[in-house]
(Lines give C-alpha, C1' and ligand atoms only; values in the text may rest on other atoms or scores of the structure.)
Protein backbone atom coordinates (compact mmCIF):
# COMPACT_ATOMS: atom_id res chain seq x y z
CA UNK A 1 0.00 0.00 0.00
CA UNK A 2 2.71 2.47 0.92
CA UNK A 3 4.56 1.99 -2.39
CA UNK A 4 1.43 2.91 -4.35
CA UNK A 5 0.91 6.05 -2.32
CA UNK A 6 4.30 7.36 -3.46
CA UNK A 7 2.70 8.19 -6.80
CA UNK A 8 -0.59 9.72 -5.62
CA UNK A 9 0.11 13.45 -5.21
CA UNK A 10 3.28 13.03 -3.21
CA UNK A 11 6.09 15.56 -3.63
CA UNK A 12 9.68 14.32 -3.65
CA UNK A 13 12.17 16.59 -1.89
CA UNK A 14 15.10 15.77 -4.17
CA UNK A 15 13.37 17.29 -7.20
CA UNK A 16 13.75 20.84 -5.84
CA UNK A 17 17.33 21.11 -7.08
CA UNK A 18 16.33 20.29 -10.64
CA UNK A 19 13.39 22.70 -10.44
CA UNK A 20 15.63 25.53 -9.21
CA UNK A 21 18.17 24.82 -11.96
CA UNK A 22 15.49 24.87 -14.66
CA UNK A 23 13.94 28.04 -13.21
CA UNK A 24 17.32 29.78 -13.29
CA UNK A 25 17.94 28.72 -16.88
CA UNK A 26 14.56 30.03 -18.03
CA UNK A 27 14.09 33.16 -15.90
CA UNK A 28 17.62 33.97 -14.60
CA UNK A 29 16.11 35.30 -11.37
CA UNK A 30 18.24 33.87 -8.51
CA UNK A 31 16.36 35.62 -5.71
CA UNK A 32 13.05 34.11 -6.81
CA UNK A 33 14.64 30.70 -7.34
CA UNK A 34 16.14 30.85 -3.84
CA UNK A 35 12.71 31.63 -2.38
CA UNK A 36 11.57 28.16 -3.48
CA UNK A 37 14.30 26.67 -1.29
CA UNK A 38 13.40 28.53 1.90
CA UNK A 39 10.66 26.11 3.08
CA UNK A 40 13.10 23.24 2.56
CA UNK A 41 15.80 25.11 4.48
CA UNK A 42 13.32 25.60 7.32
CA UNK A 43 12.58 21.86 7.23
CA UNK A 44 16.28 21.21 7.97
CA UNK A 45 15.47 22.26 11.55
CA UNK A 46 12.13 20.44 11.90
CA UNK A 47 11.84 16.67 11.91
CA UNK A 48 15.45 15.48 11.94
CA UNK A 49 17.90 18.36 12.36
CA UNK A 50 20.17 18.73 9.34
CA UNK A 51 18.10 16.47 7.11
CA UNK A 52 15.28 16.63 4.58
CA UNK A 53 12.50 14.07 4.53
CA UNK A 54 12.02 11.73 1.61
CA UNK A 55 8.56 12.90 0.56
CA UNK A 56 5.92 15.50 1.40
CA UNK A 57 2.18 15.71 0.92
CA UNK A 58 1.40 17.54 -2.30
CA UNK A 59 -1.20 19.74 -0.60
CA UNK A 60 -0.99 22.28 2.22
CA UNK A 61 0.33 21.89 4.91
CA UNK A 62 2.90 19.73 2.97
CA UNK A 63 3.41 17.24 5.83
CA UNK A 64 6.67 15.29 5.60
CA UNK A 65 6.40 11.54 5.16
CA UNK A 66 8.56 8.52 4.44
CA UNK A 67 12.16 8.41 5.51
CA UNK A 68 12.94 11.41 7.72
CA UNK A 69 16.59 11.67 6.57
CA UNK A 70 17.09 11.46 2.82
CA UNK A 71 20.64 12.35 1.74
CA UNK A 72 19.83 13.14 -1.89
CA UNK A 73 17.10 15.53 -0.80
CA UNK A 74 19.61 17.42 1.34
CA UNK A 75 22.12 17.36 -1.53
CA UNK A 76 19.63 18.86 -3.98
CA UNK A 77 18.65 21.67 -1.62
CA UNK A 78 22.34 22.49 -1.16
CA UNK A 79 22.99 22.26 -4.91
CA UNK A 80 20.06 24.59 -5.58
CA UNK A 81 21.37 27.04 -3.00
CA UNK A 82 24.82 27.00 -4.62
CA UNK A 83 23.31 27.55 -8.07
CA UNK A 84 21.39 30.59 -6.87
CA UNK A 85 24.49 32.01 -5.18
CA UNK A 86 26.55 31.60 -8.37
CA UNK A 87 23.95 33.49 -10.37
CA UNK A 88 23.65 36.25 -7.76
CA UNK A 89 27.41 36.84 -7.65
CA UNK A 90 28.98 39.44 -10.00
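The rows are residues; the columns are (1) exposed (fewer than 15 other Cβ atoms within 10 Å of the Cβ); (2) at pLDDT 90 or above; (3) at negative phi.
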position	(1), (2), (3)
3	yes, no, yes
24	no, yes, yes
74	no, yes, yes
85	yes, yes, yes
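Taken together, the residues in the stretch 9-54 that are touching a residue at least 12 places away in the same chain (Cβ under 8 Å), within 19 Å of residue 65 (Cα to Cα) and part of a loop (DSSP other than H, G, I, E, B) amount to 11. The single condition from (1) out of contact with any strand residue (DSSP E or B) (no Cβ under 7 Å at 6 or more places or on another chain); (2) in a loop (DSSP other than H, G, I, E, B) that residue 83 fails is (2). Quick one: is residue 64 within 12 Å of residue 11 (Cβ to Cβ) and within 10 Å of the chain's Cα centre (by Cα)? So residue 64 does not fit the description; no. Taken residue by residue, the stretch 41-51 has at least one member that is under 10 Å from the mean Cα position of the chain (by Cα) and modelled with pLDDT under 90. What is the one condition in (1) at negative phi; (2) surrounded by 13 or more Cβ atoms within 10 Å (Cβ to Cβ) that residue 66 does not satisfy? All conditions are met except number (1).
The values are calculated or read from the model by the stated rules, or taken from the named source; none is laboratory data. For clarity, every value in this text was computed on a predicted model and none was experimentally measured. With ideal geometry, Cβ positions are generated from the backbone for all residues, glycine too; neighbour counts draw on all protein chains shown.
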